[in-house]
Amino acid sequence: MLFTNIRTTSKRILRESIFLKKYYCSTINDISLAKVNRPARRLINLTSKTLCPAAGLHVDSSLRKKLNNGGMNRLTASFFNLPCIELAKQLLGKTLVRVLQDGTVLKGIIVETESYLGELDEASYLLKNKNINQNQGLYMTPGTLHIYLNYGIYHMLSISSKGEGAAVLIRAIQPIEGIDVIQKNRDLFNSKYSKEKSNKASTLRDFELCSGPTSLTIGIGVDMSCNNHNLATSPLMWVNEEPSRKDEVYPIVSCKRIGIESVGTEWATKPLRFYIYGNKSVSKIDKVGELALLEMI
């Protein structure tokens, strides 16, 4: 029995070593962020409407194709077909686009992500929830949205990547369009669930509105209706690469993930959180990670 345990443990360590070597990527490809506060747009024309079944939206026929395609800047399926860590880094600086039920368009620049490496990762959602139906998105085509509930009321947004069960958690975005709507969504949620904040006007600054994974989903209205949609084809949400930021480079901080201390030191300390250095919308800075980055520059 002792020999069997040692052999099993050795195999597990070997698998993890190969797995991490495969998934780690040192490429830095960040985008500098210029704040653009544009009002929310609506893709609705009440005089001429056709149904967009996937989203449950009534959309003007002349805009339907644009809505479904996401425009010229929409990232295609091949972009998401990357190992988890590489995808987490490549998403930084890209624009997350969300279309609400009434056609309102909200946008934010992705500034913070975390990698969860599938079944070998002790912090993976797969180990917390064994419900196959709820985990479907993690095993679907890369780029599939995996939406799940935290504490029963907070939605979390992950994107499946290459690698079985692997996904990237979007932790923060910098709002750039529809900020007034994002603010209202935050206030509405507080009035419903927070007694302390229900009668108070929000004092959050623009860059704080989507700073954190649950603040993000509340702000841009992410719920279970988005679950299992693929970002390459969904009319509800997609990711753009803006030409104006395509060739710009900005340093990435690599550090330990947040809120997973209970899984043990080995996985809790792995540098699987990534954020754009110096961006105000990042949920929490990591001084150790930033010092390590500055020493490399």
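Can you confirm whether Lys89 is modelled with pLDDT of 85 or more and either among the charged types (D, E, K, R) or in contact with a Phe, Trp or Tyr (Cβ under 6 Å, 6 or more places away or on another chain) (or both)?
Details: modelled with pLDDT of 85 or more: yes; either among the charged types (D, E, K, R) or in contact with a Phe, Trp or Tyr (Cβ under 6 Å, 6 or more places away or on another chain) (or both): yes.
The answer is yes for Lys89.
Please determine whether any residue of the range 137-144 is assigned to a strand (DSSP E or B) and not polar (S, T, N, Q).
For the range 137-144, residues assigned to a strand (DSSP E or B) and not polar (S, T, N, Q): absent.
For the range 238-266, give me the residue count where each residue is outside any strand (DSSP E or B), farther than 29 Å from Arg74 by Cβ and at pLDDT 95 or above. Lay out the reasoning, then the answer.
Taking the range 238-266 as the starting set, the residues that turn out to be outside any strand (DSSP E or B) are 241-251, 256-266.
Filter once more, so that each one left must be farther than 29 Å from Arg74 by Cβ: 256, 258-266.
Next, from what is left, pick out any that are at pLDDT 95 or above: 256, 258.
Of the residues in the range 238-266, 2 are outside any strand (DSSP E or B), farther than 29 Å from Arg74 by Cβ and at pLDDT 95 or above.
What number of residues within the range 198-237 satisfy the criterion of being among the small types (Gly, Ala, Ser), buried (at least 18 other Cβ atoms within 10 Å of the Cβ) and in a helix (DSSP H, G or I)? I'd like the intermediate steps shown before the answer.
Taking the range 198-237 and keeping what is among the small types (Gly, Ala, Ser), we get 198, 201-202, 211-212, 215, 219, 221, 225, 232, 234.
With buried (at least 18 other Cβ atoms within 10 Å of the Cβ) added as a condition, the list becomes 211-212, 215, 219, 221, 232, 234.
Add one more test, that the residue is in a helix (DSSP H, G or I), and what stays is 215, 219.
The qualifying residues number 2.
Sort out which residues of the range 278-297 are of a type outside the set (Val, Ile, Thr), assigned to a loop (DSSP other than H, G, I, E, B) and either surrounded by fewer than 17 Cβ atoms within 10 Å (Cβ to Cβ) or modelled with pLDDT under 95 (or both), and write them in order of number. Outline the logic, then answer.
Step one: of the range 278-297, the residues of a type outside the set (Val, Ile, Thr) are 278-281, 283-284, 286-287, 289-296.
Next, only the ones that are assigned to a loop (DSSP other than H, G, I, E, B) stay: 278-281, 283-284, 286.
Once the filter is applied, which keeps residues that are of a type outside the set (Val, Ile, Thr), assigned to a loop (DSSP other than H, G, I, E, B) and either surrounded by fewer than 17 Cβ atoms within 10 Å (Cβ to Cβ) or modelled with pLDDT under 95 (or both), the range 278-297 yields Gly278, Lys280, Lys284.
Mind listing whichever residues of the range 210-246 are among the small types (Gly, Ala, Ser) and under 22 Å from Lys280 (Cβ atoms)? Explain how you work it out, then say what you get.
Quick first cut of the range 210-246, residues among the small types (Gly, Ala, Ser) only: 211-212, 215, 219, 221, 225, 232, 234, 244.
Residues satisfying the conditions are Ser211, Gly212, Ser215, Gly219, Ser244.
Kindly check whether there is at least one residue in the range 136-148 that is at positive phi, within 13 Å of the chain's Cα centre (by Cα) and modelled with pLDDT of 95 or more. Steps first, answer last, please.
We begin by selecting, within the range 136-148, every residue at positive phi; these are 143.
Those left that are additionally within 13 Å of the chain's Cα centre (by Cα): 143.
Right, trim to modelled with pLDDT of 95 or more and you get 143.
Yes, some residue in the range 136-148 is at positive phi, within 13 Å of the chain's Cα centre (by Cα) and modelled with pLDDT of 95 or more.
The values are calculated or read from the model by the stated rules, or taken from the named source; none is laboratory data. No experiment lies behind these values; they were computed from the predicted model shown. Positions of Cβ are backbone-derived with ideal geometry, glycine not excepted, and every protein chain shown enters the neighbour counts.
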